[in-house]
1. Assess whether G184 counts as being part of a loop (DSSP other than H, G, I, E, B), at pLDDT below 95 and of a type in the set (G, A, S).
2. Of the numbered conditions (1) surrounded by 16 or more Cβ atoms within 10 Å (Cβ to Cβ); (2) aliphatic (A, V, I, L, M); (3) outside any helix (DSSP H, G or I), V216 satisfies every one except a single condition; which is it?
3. Looking at R17, R40, which is the one that is surrounded by fewer than 17 Cβ atoms within 10 Å (Cβ to Cβ), at pLDDT below 95 and either of a type in the set (D, E, K, R) or not in a helix (DSSP H, G or I) (or both)?
4. Of everything in region 171-203, what is closer than 23 Å to E278 by Cα and free of Cβ contacts under 8 Å to residues at least 40 places away in the same chain? Give them in sequence order.
5. Step by step: first the residues of region 186-232, then only those that are within 16 Å of the chain's Cα centre (by Cα) and of a type in the set (A, V, I, L, M), then the one that is farthest from M158 (Cα to Cα). Which residue is that?
6. Can you name the number of the only condition in (1) closer than 30 Å to M158 by Cα; (2) over 21 Å from the mean Cα position of the chain (by Cα); (3) of a type outside the set (V, I, T); (4) open to solvent by less than 80 Å² (accessible area, probe 1.4 Å) that R263 fails?
7. Using the structure shown, decide if V49 is under 25 Å from R287 (Cα atoms) and surrounded by 21 or more Cβ atoms within 10 Å (Cβ to Cβ).
8. Looking at P179, P235, which one is in a helix (DSSP H, G or I), surrounded by fewer than 20 Cβ atoms within 10 Å (Cβ to Cβ) and either modelled with pLDDT under 95 or within 16 Å of the chain's Cα centre (by Cα) (or both)?
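The values are calculated or read from the model by the stated rules, or taken from the named source; none is laboratory data. Keep in mind the model is a prediction, meaning the values are calculated, not measured. Here the Cβ positions follow ideal geometry from the backbone for every residue, glycine too, while neighbour counts run over all protein chains shown. Please note that ligands, DNA and RNA were not included when accessible areas were found on the heavy atoms of the full protein model with its side chains. Shrake-Rupley method; radii C 1.70, N 1.55, O 1.52, S 1.80 Å.
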Amino acid sequence: MAKRKHEGASDMSSDERPDRELKAATRAMWALGDYHRFARETVWELGPVLVEACGVSPGSRVLDVAAGSGNVALRAAEAGARVVASDLTPENFEAGRREASVRGLELDWVEADAEALPFGDGEFDVVTSSLGAMFAPDHRKVADELLRVCRPGGTIGMANFTPEGLGGQFFGVFVPYMPPPPLGALPPVMWGSEDHVRELFGDRVESLDLTRREYVERAAGPSEYCELFKETFGPAVATYADLAGRPERTSALDREFLDFATRANRGAPGGPAEYHYEYLLVVARKRAA
């Protein structure tokens, strides 16, 4: 597999060092909790949706970016593709490998930054990312990299939370309690804006299908829903850890989070809680050479 050459730590400039520190902190954050359990209980149904939308077929070369524990990558391998699952946080790969073993699948797991993918130009027929690459701060770099590693005429598929949907409201609860984003970072949910995606891909794609869809997350009730995130979702675990020793701030976040989970619940009275998340399904065909 052809790979880009990356400079070693001894070659870092003063401008590169803060970026390396940011990446290390981001990796550590997403390694907290239990991402595989979180994904299985919330977003797991999106994997097959993206695989089908991208037309993944036997023999296809597929790269899943920000793969986590393999939500999309495992399904692509089940479709007969040759799959690379990449993620900035390789701590999640162990669960993915176990899942692959249970399913009798073989795929490669590669540590990789969505803003600087270590793969050759045009190396893949299909490049995917489900609620993953959208969290990288530099959207332009991500779009450039997704396009670069996709072959001419190939497919790029993404599932991204929309700004207007429940994902935007969820992050609205946590952002005031989190450290400020890096200078110039764009909100992840902008990837769910049709105009933003069109601007990022521009005339480098020959077609761009953008469809708003919904999926549903479920829990026994609003309290249990909050506890799931506090126990398993890295950014939530990190936020609460940062608030340790500040009980008033912790209590305020608890109240706001539970209020969100109660208001957003669309389940029937007395039944399980249901949370309907809107996402933008992006399917782009890279312009042929």
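1. For G184, the condition - part of a loop (DSSP other than H, G, I, E, B), at pLDDT below 95 and of a type in the set (G, A, S) - is met.
2. All conditions are met except number (1).
3. It is R17.
4. Across region 171-203, the qualifying residues are F171, G172, V175, P176, P187, D195, R198, E199.
5. This residue is L186.
6. (4)
7. Answer is no for this residue.
8. Exactly one residue qualifies, and that residue is P235.
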